[in-house]
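Beneath this line is the structure, given in C-alpha cells, with notes to follow.
Just so it is clear, none of the values below were taken in a lab; they were calculated from the coordinates. Because the structure is a prediction, the values reported are computed rather than measured. All Cβ positions, even for glycine, are placed from backbone atoms using ideal geometry, and neighbour counts span all protein chains on display.
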Amino acid sequence: DQQVKQNSPSLSVQEGRISILNCDYTNSMFDYFLWYKKYPAEGPTFLISISSIKDKNEDGRFTVFLNKSAKHLSLHIVPSQPGDSAVYFCAASAVGTASKLTFGTGTRLQVTL
Amino acid sequence: KAGVTQTPRYLIKTRGQQVTLSCSPISGHRSVSWYQQTPGQGLQFLFEYFSETQRNKGNFPGRFSGRQFSNSRSEMNVSTLELGDSALYLCASSSLSGDTQYFGPGTRLTVL
C-alpha cells in the first residue's frame, strides 16, 4: 500500500522555466511533509518542508504548496537550473511517529539548456 | 559542521553471512534513523534510535537490528543475509526525534 505517491517518474524542463513536481498521499494522519533531492551514489539532501497547519512555504527558488483537502502537495522550482537535475522525493510523517518518514517513489527531473 | 558519515561505503557479502554498518551523526544530533533503498520498494524506514533507545520501528524482520551508543553513533546489523537484502542503506540524523532528518551517503550492500 503506497501511502505517498509520485505519479510522474520523470519530468523534463527547460532552464529558466518553472518545474512543478507533484505528490499525493492517502494517510490522513500525515502532518509533516518534506522534499528531498538525490543525486546518484549520494544520500538524499533536504530541500524544504511544510507543516499541515500551513498551505505554503518558500525558501529561495523552492516553494512547497499543501492542499490538505485533496491530500496533495507540490514543489515549485523557479527558475529551474541545470544543477537541479536529480531525483526528487517527497516524504511524510505522521502524528506520534515524526521520525518515521514515508517516501514516495521519486521523480527524476532533467533541466535542459 | 561535518555531515552524517557512514562506513563502509561499499560491501559485498554472501548469503547466510551477517553484516554490521556504522553511522556517525552530525555533531550534536541525538536521533539516528536507518532506511533501506531498493529499486523495487523504494526508500523504506527501518528504525530510529534516540538516546540509545529504539523509538520507532518499520516493517522489517528481526534479522535487522540496530543499536546506538552514548556518543549517538549507531550501528545496524543484518544477520543471515538474503539476496533481497542487497540495497543502499541510508542513515539519517536529526537533533531531536521528529526534527528534520539529514542523510549520509549510504552504504551499498551487495549480497551474492
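Give me the Å³ per residue figure for the convex hull around the C-alpha atoms of chain A. Working shown, then result.
On the way: hull volume 11.2 nm³, N = 113.
Dividing the Cα hull volume of chain A by its residues yields 99 Å³.
Computed across region B:37-83, the Kirkwood radius stands at 11.8 Å (inverse of mean 1/r, all Cα pairs).
Using 0.36 nm per residue, how much length does the chain from A:ALA94 to A:HIS76 gain when fully extended, once their Cα-Cα distance is taken away?
On the way: separation 18, 0.36 × 18 = 6.48 nm, distance 2.34 nm.
Additional length available on full extension: 4.1 nm.
If the Kirkwood radius is taken over C-alpha pairs of the protein assembly as shown, then at 37 °C and 0.692 mPa s the Stokes-Einstein diffusion coefficient equals 183 µm²/s. In this rough spin-label picture, where each label sits 7 Å from Cα along the Cβ direction, the B:THR20-A:SER51 distance is 4.0 nm.
Taking Cα centre as origin and charging only the Cβ of basic (Lys, Arg, +1) and acidic (Asp, Glu, -1) residues, the dipole magnitude of region B:22-84 rounds to 120 debye.
Note down the magnitude of the dipole of region A:1-68 about its Cα centre, charges +1 on Lys and Arg C-beta and -1 on Asp and Glu C-beta and zero elsewhere, to the nearest 20 debye.
Values: 8 positive and 8 negative charges, 23 e Å.
Computed charge dipole of region A:1-68: roughly 100 debye.
Beyond 17 Å, how much of the Cα-Cα pair distribution for chain B remains, as a whole percent? Cα-Cα pairs in chain B separated by more than 17 Å: 49 percent.
Taking R0 as 41 Å, what FRET efficiency do you get between B:PHE60 and A:ARG61 from their Cβ-Cβ distance, rounded to the nearest 0.05? Present the calculation step by step, with values, prior to reporting the outcome.
Values: r = 37 Å, r/R0 = 0.90.
According to the calculation, E is roughly 0.65.
Rg to Rh ratio, region B:46-112, alpha-carbon atoms and Kirkwood radius?
So for region B:46-112, dividing Rg by the Kirkwood Rh gives 0.97.
Relative contact order for chain B: what is it in percent, counting Cα pairs under 8 Å that are at least 6 residues apart? Once normalised by length, the contact order is 37 percent.
Among the listed pairs A:LYS5/A:LYS37; A:LYS38/A:LYS100; A:LYS5/B:LYS13; A:LYS100/B:LYS13, those with a Cα-Cα distance over 22 Å are A:LYS5/B:LYS13; A:LYS100/B:LYS13. Listed by chain and number, the aspartates and glutamates placed with their C-alpha closer than 12 angstrom to that of A:LYS54 are A:ASP31; residues fewer than eight positions away on the same chain are left out.
Overall, region A:35-80 carries a charge dipole of about 140 debye about its Cα centre when +1 sits on the Cβ of Lys and Arg and -1 on the Cβ of Asp and Glu, all other atoms neutral.
Considering only B:TRP34, B:GLN6, B:TYR49, the residue lying farthest towards the positive end of the dipole of chain B is B:GLN6, judged by Cα position with unit charges set on Cβ.
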